[in-house]
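Each value in this text was obtained by applying a stated rule to the coordinates, not by laboratory testing. Since this is a predicted model, take the numbers as computed values, not measurements. Here the Cβ is made from the backbone with ideal geometry for all residues, glycine too, and neighbour counts use every protein chain on show.
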Amino acid sequence: MKWHRIQGILMRHLYLYQRSLPRLMDIFYWPVFNLFLWGFISTFIDKFNIAGFNAITVLLCAVIFWELFGYSQHAVSISFLEEVWEKNFLNLFVTPLTVNEFIASSFLLGFIRILMAGSVMAGLAFLLYHFNIFTLGFFLIPFVLNLLMFGWTIGLVSTALILRFGTSAQVLAFGFTAMFQPFSAVFYPVSALPDSVQFIAYLLPSTYVFEGMRSVIATGHLSLENFLLAVGTNLVYLLLAFWYFHRMFALVKEKGLLMKLD
Amino acid sequence: MKNLVKKFNGVTAVDGISFDIQEGHITGLLGPNGAGKTTTIQMLLDLITPTSGMIKIFGKEMKHHREELLGKVNFSSPYVALPNNLKVWENLATFARLYGVRDIQGKIDELSDFFGIKDLLPKMTSTLSTGQLTRLNLTKALLNDPKLLLLDEPTASLDPDIADRTRKLLQKIQKEKKVTILYTSHNMAEVEEICDRIIFINHGKIQDDGMPAELIKKYGRADLNEVFLTIARGQENQEAKDFETILKK
C-alpha cells in the first residue's frame, strides 16, 4: 500500500467538500437535526422523571453514537458512488491504485467525517443541553472506534453489492445501517427485545457497543466483556467484508462490468 | 500479448490475439465497431481479466506486476472524462498523486505549458470545451512520463482544426518524449498520417498487420480507408447486414 495513492483519493473527496453545500449538509444537517429532536425528547423525559434514569445522557449518547455509525458507513459507500456518478473508475484503475488502497482511502474519509460530525454534535450537545460527553471519560472512545469499524464493514458490503448489481442497488448506500437499528439495542437494553430477536442482537458488534456505552454511563468504567465482544465480532465481519468485496471486484473485472457501472 | 482470449457468457470477443508493439513507434489498432479493440485495450490495462492468454509489458507479466507496469503506462480517451465536479488543477493533482509524481506543482506547470492549458487550471472541468478537455486528458496521460501510451480515438468529436493540432501534438510527444503509442481511431487518413504500423482486427482476430503503405499496396487500394472497407466487408459482418436490410426497405 502506498500512502501517496491513498492520499490522492482522499484529497479528491476533500476538494469536493470545500465547496459543496449538499456534502457539507450531509455531514452537519442530520446530526444537528437529530440532536435537536432527541435532545428535546430527553429533556421532556428527564423533566417528568418518566424514565427513572439520566435520560439526557443515555439518549443523547445513543443518538450521537448512532449518527457516527451511519457516517462511517456513508463515507465508504458514497465515496464509491461518487466515482460511479462521475464515471471515474476507468481513470482510477488504469493507475497503479490497488483495491485495498481505494478501500483504505474511503475508511480514512469515514474517520475524518466522524471527527467533523462528532465534534459538532458534542459541541452542540454541550451548548444546548449542558451535556459534556468528555466527562464520561475516555472509556467511550473504544466503543466509538468499534462503531467506526462496523460502519466500514457495512459500507464495504453495500459497495460490493452496488459493484455487482449496479446502481439499482445504490439505495443500500443510504439506508443500510437503518436495518440494524432495531437489533442493535441503541435506545434500550438487549433485555427489552423479545428472546428470538436477542439472538440476532448478539450477533452484531453494534449491540455490544451500545450495551458497553450504557455500562460506562452507569458505572463510569469500561465494560471489558462488551468491548472484547465488539472487537471480536467486528474483526470477523470486517475480514468477511474484505473477502466479499475482493470477490465481487474480481467477478466484475471478469465480466467486463467495471466500466459499465452507471 | 500472446494468444489472448476473452469470452463473455460464451460469446468470444477476443479470439487468440497475439502481437508485439515496437518501442518508440506509434501502432494503430483498427477494426470496425465490435471488433474487439476496446476489450483488448481494457485487458492491456487490467480492467478486464482475460479468459486465457498472456499480457507482457516491458518483459513483465501484467498479472504479477500490475502496480509497477501501470506506473509506466497511461491512457486517454475522449469517452472517459475526468470528474466534472473538480477544478482542472485538482484533477491533475489527484492523478499526479496516484502516479506518485514527486514535484506535483512542477509537473503540472510543465505539462500545462506544453498543452497550453495553464490558464484553465483554476477553472471547473465542467466548463471546458471539447478541445480543452482533450488537451486536459492528454495532460493527465503524460503526468507519469509513460513509456507506453494507449490512446482511444483521441481526436473523435474534435473539429478538423483542433483534430489536426492534436495530431501534431501527439507526434511532438512521441518524438520528444520517446513514448510508445498504441492508437485506435476510425479516421483512416489520420491513422495513415501518424501510425508507423497498423494491426487490423475483426471478430476478435487479427486480420492483417503491417505498415500503412505496405497494406495499401498489398490490397491494391488507393488509401487506408479502402483497405479498411475491404477487410471489414470481406467477412461476415452482422452490423453491415443490418444496414443492408434497412437500406433495402
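Taking each DSSP H run with n ≥ 4 as -39500 (n - 2.57) and averaging over every residue of chain A yields -25500 deg cm²/dmol at 222 nm. In plain terms, the bigger the Kirkwood radius, the slower the diffusion; for region A:79-165, with that radius from Cα pairs, at 25 °C and 0.890 mPa s, Stokes-Einstein puts D at 160 µm²/s. In a DSSP loop and with at most 10 other Cβ atoms within 10 Å, the chymotrypsin sites (Phe, Trp or Tyr not before Pro) in region A:1-72 are A:PHE48.
Computed across the protein assembly as shown, the Kirkwood hydrodynamic radius from all distinct Cα-Cα pairs reaches 25.8 Å. Distance between the pseudo-spin-label points of B:ASP223 and A:TYR188 (7 Å out from Cα toward the beta carbon): 7.9 nm.
Identify all lysines with a Cα-Cα distance to B:LYS63 below 16 Å; exclude those on the same chain that are fewer than 8 residues away in sequence. Filter leaves A:LYS253, B:LYS2, B:LYS6, B:LYS72. Between region B:37-57 and region A:233-251, how far is it from one alpha carbon centroid to the other, in angstrom? So the separation of the two Cα centres works out to 26 Å. With the largest listed first and rounded to whole Å, the semi-axes of the equivalent ellipsoid of chain B from the Cα gyration tensor are 31, 22, 18. Applying 0.36 nm per residue to the separation of B:ASP20 and B:THR245 and subtracting their alpha-carbon distance, the gain on full extension is 77.1 nm.
Got a sec? Charge dipole of the protein assembly as shown, +1 on Cβ for Lys and Arg, -1 for Asp and Glu; which of B:THR27, B:LEU143, A:SER42 is way out at the positive end? Checking the options against the dipole of the protein assembly as shown, the answer is B:THR27.
Ellipticity at 222 nm from helices only: DSSP H runs of n ≥ 4 in chain B, each -39500 (n - 2.57), divided by the residue count, give -12000 deg cm²/dmol.
Taking the convex hull of the alpha carbon positions in region A:1-97 and averaging its projected area over all directions gives 8.1 nm². Using only the C-alpha atoms, the convex hull of region B:133-201 corresponds to 88 Å³ per residue.
The calculated FRET efficiency for B:ALA189 paired with A:ASN100, based on their beta-carbon distance and R0 = 30 Å, is about 0.10. Between A:VAL171 and A:TYR29, the C-beta separation translates, for a Förster distance of 22 Å, into a calculated FRET efficiency of about 0.65. Volume of the convex hull of region A:3-260 (Cα atoms only), normalised per residue: 134 Å³. Could you state the number of Å between the C-alpha centres of region B:165-198 and region A:72-101? First find each Cα centre; the distance between them is then 31 Å. Between B:VAL11 and B:ASP164, the FRET efficiency estimated from the beta carbon spacing at R0 = 35 angstrom works out to 0.35. For B:THR49, the residues 5 or more places off, or on other chains, whose built amide H falls under 5 Å of its own are A:GLU254, A:GLY256.
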